[in-house]
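Down below is the structure, laid out as structure tokens.
The values are calculated or read from the model by the stated rules, or taken from the named source; none is laboratory data. Owing to the predicted nature of the structure, the values given are computational and were not obtained by experimental measurement. Note that we place each Cβ from the backbone using ideal geometry, even for glycine, and neighbour counts take in every protein chain shown.
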Amino acid sequence: MKNLGILLSGRGSNFVAIADSIAAGRLSNARIAVVISNRDEAPGLETARRRGLNALAISSKGKPREEHDRKVVAALQQNQVDLVCLAGYMRLLSPWFVQQFPSRILNIHPSLLPAFPGLEAQQQAFAYGVKVTGCTVHFVDEELDHGAIIVQKTVPVLDSDDEHTLAERILEQEHVAYTEAIRIVLEGNFEIKGRRIVRGQRSEVRLQK
Ligand code: GRF
């Protein structure tokens, strides 16, 4: 059994999708060991508590990045987390944090990276006028929205879309993509070749500590 640690800052729909996948047996070897938010008032925290999960607020307000990260990493380690899943965590991780979990931190981003990194990716894509966008689940490295890509899902931009309807359809795909990516990583049936995640090969990145 592998322990997931979820980090979020807001509504938490990706967290809920992961929790639902576990409940439905789509991620049979995983459990959520802890849900952590850097914002006390994140609705996702309340959802986690209602589901009986271990949910912690570790406020980042006014704290230097690494000081806050040390508290978060300590909580992840106390809960013996194997894989960290960023799910709408609106805070950059310090290089130190990333180094504590090598190839064991995932992030989801609502565009087809490397297009439209950063904030409001769905709106960026809509305003640019692309005809296809989507979402990306990737390993986290020390650069923003940058690490090796595990899963991408495409979403067509319809003539009838506005940025809200587009974001909603991307979100549906995010919920599918995150479970797929976690399954791939936990199964360990892949190899990291440079930036490429190639499946069907035994991973050198084992999730044992
Ligand atoms: C998602 O669009 C995710 O891709 C981005 O932040 C949003 C979080 O949404 N990183 P939710 O809190 O999971 O509902």
Residues located in region 84-97, provided they are more than 13 Å from the ligand (Cβ to nearest atom) and surrounded by fewer than 21 Cβ atoms within 10 Å (Cβ to Cβ): Ser94, Pro95, Trp96
Residue among Asn29, Asn54, Asn3 that is closer than 20 Å to Phe101 by Cβ, away from the ligand (no atom under 14 Å from the Cβ) and modelled with pLDDT under 95: Asn29
Scope region 99-143; condition acidic (Asp, Glu) and surrounded by 15 or more Cβ atoms within 10 Å (Cβ to Cβ); matching residues: Asp141
Unique residue being in contact with a His (Cβ under 6 Å, 6 or more places away or on another chain) and at pLDDT 95 or above when the list is Ser60, Ser94: Ser60
Region 144-167 - residue that is among the charged types (D, E, K, R) and farther than 20 Å from Val185 by Cα and, of those, nearest to the ligand (Cβ to nearest atom): Glu163
Any chance Ser28 is touching a residue at least 12 places away in the same chain (Cβ under 8 Å), hydroxyl-bearing (Ser, Thr, Tyr) and surrounded by fewer than 17 Cβ atoms within 10 Å (Cβ to Cβ): no
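The rows are residues; the columns are (1) assigned to a strand (DSSP E or B); (2) among the aliphatic types (A, V, I, L, M); (3) under 23 Å from Arg169 (Cβ atoms).
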| site | (1), (2), (3) |
| --- | --- |
| Leu4 | yes, yes, no |
| Val16 | no, yes, yes |
| Ser21 | no, no, yes |
| Ser28 | no, no, no |
| Lys71 | no, no, no |
| Leu92 | no, yes, no |
So Ala177, is it hydrophobic (A, V, I, L, M, F, W, C), in a helix (DSSP H, G or I) and either in contact with a Lys or Arg (Cβ under 7 Å, 6 or more places away or on another chain) or more than 15 Å from the ligand (Cβ to nearest atom) (or both): yes
Residues satisfying the stated conditions in region 71-115, i.e. touching a residue at least 24 places away in the same chain (Cβ under 8 Å) and among the charged types (D, E, K, R): Asp82, Arg91, Arg104
Conditions (1) within 16 Å of the ligand (Cβ to nearest atom); (2) on the phi < 0 side of the Ramachandran plot; (3) more than 16 Å from the chain's Cα centre (by Cα); number of the one not met by Ile108: (3)
Test set (1) in a helix (DSSP H, G or I); (2) within 14 Å of the ligand (Cβ to nearest atom); (3) in the same structural domain as Leu8 (by TED's automatic domain parsing) - Ile36 fails condition number: (1)
Subset of region 43-82 (residues that are within 19 Å of Ala23 (Cβ to Cβ), surrounded by fewer than 16 Cβ atoms within 10 Å (Cβ to Cβ) and within 19 Å of the chain's Cα centre (by Cα)): Glu46, Asn54
Some residue of region 139-157 being over 18 Å from Tyr89 (Cα atoms), at pLDDT 95 or above, part of a loop (DSSP other than H, G, I, E, B) and not assigned by TED's automatic domain parsing to the domain that holds Ile22: yes
